[in-house]
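Below: the structure, in structure tokens.
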Amino acid sequence: MAVSQPFDPVKQAGVVILQKVVHCFKNARDPMVPECLLLNQYETHVYSAVKAGMVIQDINISPQMRIAVCDLAFQFISCGMTSSQSVAERVVALLIAVPFQTHSSIANWLSKFNSRMSTAVNLAHLTALSKLVVACEDSASQVKLNPSLAEHPRHVVLALVAPILRPHMKRLTSLLFDALTDFSLVSNLSRKALQKVKGHFFLSESVQAVRPM
């Protein structure tokens, strides 16, 4: 697979292709085993790509690669490709590692890049986590309204993920509030005014990483 290649642009292209494949086929059932998703048979491949792009110990992974894999990690969990609680726990651990600074190696890795790129990486992880929280809440609401949905692979895995995320919600909520505060600043202040402001996730030189398009 392209994501196993050593040249980062090739890896990133592989991740983008995987994202599109997962998005296109996330609801497709396996014609041979209707109770399973078609993508379930590729769980190992996609999980390997997620791990390879987000492994904490590998300081040689580029920020662009880690950003690309964040969305793939969200899609991998939210579409129901895995029913393994241990896999779900590992993916959540990879997503919280950067914004929560769970390992000293993360700070060392981020320090290698300019503040703009560090900001972009943090926001990519937070975006994936926030989307996962919303997906869990939405899934729980749907199952409550229609209990028969509880057996769908997507709802099965999201029911596993919700309690995994729960112990981290206070910290995650605080970080998301900080990100929204930064968004408000860069949306309403002029470029000149922002030169005097230090946000939670940006410095004056990294403001473009959080400025709305």
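The values are calculated or read from the model by the stated rules, or taken from the named source; none is laboratory data. What you see is a predicted model; the values in this text were computed from it and never measured. Cβ placement follows ideal geometry from the backbone for every residue including glycine, while neighbour counts extend to all protein chains displayed.
Only one of Asn188, Asn146, Asn108 is in contact (Cβ under 8 Å) with a residue 40 or more places away in the chain and exposed (fewer than 12 other Cβ atoms within 10 Å of the Cβ); which?
Answer to the check: Asn108.
Got at least one residue in the range 191-207 being small (Gly, Ala, Ser), at pLDDT 70 or above and over 23 Å from Ile96 (Cα atoms)?
Among the residues of the range 191-207, at least one is small (Gly, Ala, Ser), at pLDDT 70 or above and over 23 Å from Ile96 (Cα atoms), which makes the answer yes.
Is there any pair linking a residue in the range 49-69 that is surrounded by fewer than 21 Cβ atoms within 10 Å (Cβ to Cβ) and assigned to a loop (DSSP other than H, G, I, E, B) to one that is of a type outside the set (Asp, Glu) and at pLDDT 85 or above, with Cβ under 6 Å and at least six apart or on different chains, and which?
Filtered contacts from the range 49-69: Ile56/Ala97.
Is it the case, given these coordinates, that Val121 is in contact (Cβ under 8 Å) with a residue 12 or more places away in the chain, surrounded by 16 or more Cβ atoms within 10 Å (Cβ to Cβ), of a type in the set (A, V, I, L, M, F, W, C) and closer than 30 Å to Val197 by Cβ?
yes
Of all residues in the range 159-184 being farther than 30 Å from Pro147 by Cβ and surrounded by 19 or more Cβ atoms within 10 Å (Cβ to Cβ), which is modelled with the lowest pLDDT?
Among them, the one singled out is Asp182.
Quick check on Val91: is it buried (at least 21 other Cβ atoms within 10 Å of the Cβ) and either touching a Gly at 6+ places or on another chain (Cβ under 8 Å) or not hydroxyl-bearing (Ser, Thr, Tyr) (or both)?
yes
Could you tell me which numbered condition Val134 fails, if it satisfies all but one of (1) among the hydrophobic types (A, V, I, L, M, F, W, C); (2) in a helix (DSSP H, G or I); (3) surrounded by 14 or more Cβ atoms within 10 Å (Cβ to Cβ)?
(3)
Can you name every residue in the range 74-88 that is surrounded by fewer than 19 Cβ atoms within 10 Å (Cβ to Cβ) and in a helix (DSSP H, G or I)?
Of everything in the range 74-88, those that are surrounded by fewer than 19 Cβ atoms within 10 Å (Cβ to Cβ) and in a helix (DSSP H, G or I) turn out to be Gln85, Ser86.
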